[in-house]
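Report on the following structure.
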Amino acid sequence: MPTKKYTTEFKASIVALYNEGRSANSLANEYHLAVQTVTGWVKKRKLSALTPMDNPLRRLNLMP
């Protein structure tokens with residue numbers, strides 16, 4: 001079965017609804033998504049908020 005492609009805006013709106021207090025289950029049921037899809041988008045959004053896209057993580061050189 002081919003995978004569906006969702007726009008960045010749609011994903012952001014689902015994550016925003018989740019952050020406003022909606023459960024992953026209710027969002028998955030309402031928008032016909034898998035719960036794992038919703039929780040995956042939420043996790044990715046949290047990670048992207050921790051690491052700015054324009055400043056990728058750099059490996060620290062701990063050796064002198």
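Structure summary
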| item | result |
| --- | --- |
| Residue ID - nearest to Ala49 (Cα to Cα), chosen from residues in region 8-17 that are modelled with pLDDT of 95 or more and of a type in the set (Val, Ile, Thr) | Val15 |
| Leading residue by the ranking (modelled with the lowest pLDDT) among those in region 18-50 that are more than 18 Å from Tyr6 (Cα to Cα) and loosely packed, with under 10 Cβ neighbours inside 10 Å | Leu50 |
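The values are calculated or read from the model by the stated rules, or taken from the named source; none is laboratory data. Since this is a predicted model, take the numbers as computed values, not measurements. For neighbour counting, all protein chains shown are included, and Cβ atoms are generated from backbone atoms with ideal geometry for every residue, glycine included.
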